[in-house]
Each structure stands twice: as structure tokens, then as C-alpha cells.
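The values are calculated or read from the model by the stated rules, or taken from the named source; none is laboratory data. In this text, all values refer to a predicted model and were calculated from it rather than measured experimentally. Virtual Cβ from ideal backbone geometry, glycine too; neighbours counted across all protein chains shown. What goes into the accessible areas is simple: the full protein's heavy atoms, side chains included, and nothing from ligands, DNA or RNA. Shrake-Rupley method; radii C 1.70, N 1.55, O 1.52, S 1.80 Å.
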Amino acid sequence: MARPKTPMLSATRIAEGALELVDSTGDVQMVQLARHLGVAPSSLYSHVAGRAEVIDLARLRMLEQMEPVGPAHDWREAVANLLRRLTALYTGHLRILPLISTTTVTCERAIAAYEPMFAALLEGGFRPDQLRLVVAMVEFQAFGLAQGLPAPAMSDHIRETLPAYTASVDHSRYDPATATEFSVAMVIAGLEAIRARPVGA
């Protein structure tokens, strides 16, 4: 049987191509993606509705690369596991973060990756109206941890007039593993305090 003249497309291949393109250029557009995959732009639209769906598929492909979170014994373990795994995942794909932070998760398989955390939080006594806020907070923490601390501004005038800020800069040493564990402890302690409050407090 003769080989096809153009590469066979699938949702997985589109997602992989989109992730490759974003990792190298920082963006994904349909025409560029088609060129990257060696197909006509019209071929993409037989598999996806548009750019937003492509980004969602790329997000799913990333989550599939993440070590599965799995069921947790309690909500603290679920929070720690998800934060650590997302941070490691995002560190390897920094350039896609602005894209996934501004698009809605619509793929059911991508949403399912978060189900163990939702279930653990619910079992741990958090109210249903708090669950998405907690997961979003963990996501935001992972985004920040993956990107690290921005380069600080410093000048002689700052050193003279802002001693507390200056001390923070002089003693700042960003180690990703240490920062991740600091964030895990901070998030869990904060959630413990919220969880201890009576309803309506």
C-alpha cells in the first residue's frame, strides 16, 4: 500500500505539535501549526474547532506527561502532590503558561486529572463552593514557582531608603525545590486555618 503524501493527523499529533511549537516560539496559530505538522490548514479543522481547542489539547498532553496524582489519603496529601507535580510540569513548559492561564479547560480528560484533589478536599471537610478556589490557588502557585523570582531592582538609593526590601534581595536565593516545599507548607497551613473557621465566618 502506498504511503500517504501527507502525515496522518490525530488529536494527539495536533497536541504534540502545538506543544512543540509553543515550547519553541511561545505561541501557536493555526497556519503555523499546519506548517509545523506538514499539512494544509484545512486539515486541522477536520479535527479541531480552532486555536482554543488546540491549546486545550496541548494542556491535556502536558497533563498526560505529569505523574498521576491518584487517590490521596487526605486533602493535605492531595494538595501537596498536585502542587509539586504541576510545578515540575510547568517548569518544563514555561512558554505555554500565558496561553493556558487565559483559556478555559473544556476537555473532560484534562478536568479528570484534578478529580482526586476535588474528591480529597470534599472528603476533608471543605465546602463545595471552596473547591475550585483551592484548585485555582494551587495552579497559581505552580505557575509562579515554575517561573521563579523576577530579577530584583536595586540601586544605591534603594539601599539607603528601603532597608527591608534590600535585606530581602541580599538574602534571596531561589532554589526551586526549597521554594516548592515552602509553598506546599504555606498553602496547607493557610487551608488548615480556613477549614477551621465555622461556616459563614
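Brief remarks on what is shown
- Relative packing of peptides 78-88, 133-143, 102-112, 177-187 - highest average C-beta neighbours within 10 Å first: 78-88, 133-143, 177-187, 102-112
- Summary of the geometry: region 4-82 and region 113-191, compared by the centres of their Cα atoms, lie 27 Å apart.
- Computed from the C-beta positions of THR178 and ARG13 and an R0 of 30 Å, the FRET efficiency is 0.20 to the nearest 0.05.
- Solvent-accessible area of HIS171 with every protein chain in place, 1.4 Å probe, in Å² to the nearest 10: 150 Å²
- Among the listed options (i) 57, 17, 11; (ii) 37, 26, 13; (iii) 30, 20, 14, the one matching semi-axes √(5λ) of the Cα gyration tensor in Å as calculated from these coordinates is (ii).
- Solvent exposure of TYR45, expressed as accessible area, is near 120 Å², computed with a probe of 1.4 Å over the protein chains only.
- For SER42 and LEU94, the FRET efficiency from 1/(1 + (r/R0)^6), where r spans their Cβ atoms and R0 equals 30 Å, is about 0.40.
- Estimated [θ] at 222 nm from DSSP helical runs (n ≥ 4, -39500 (n - 2.57)) normalised by residues in the chain, nearest 500: -20000 deg cm²/dmol
- Whole-number accessible area per residue in Å² for the chain, which is evaluated in the context of all protein chains at 1.4 Å: 59 Å²
- Applying 1/(1 + (r/R0)^6) with R0 = 30 Å to the Cβ-Cβ distance of MET66 and ARG197 gives a FRET efficiency near 0.40.
- Accessible surface of the chain, 1.4 Å probe: 59 percent of it comes from carbon and sulfur atoms.
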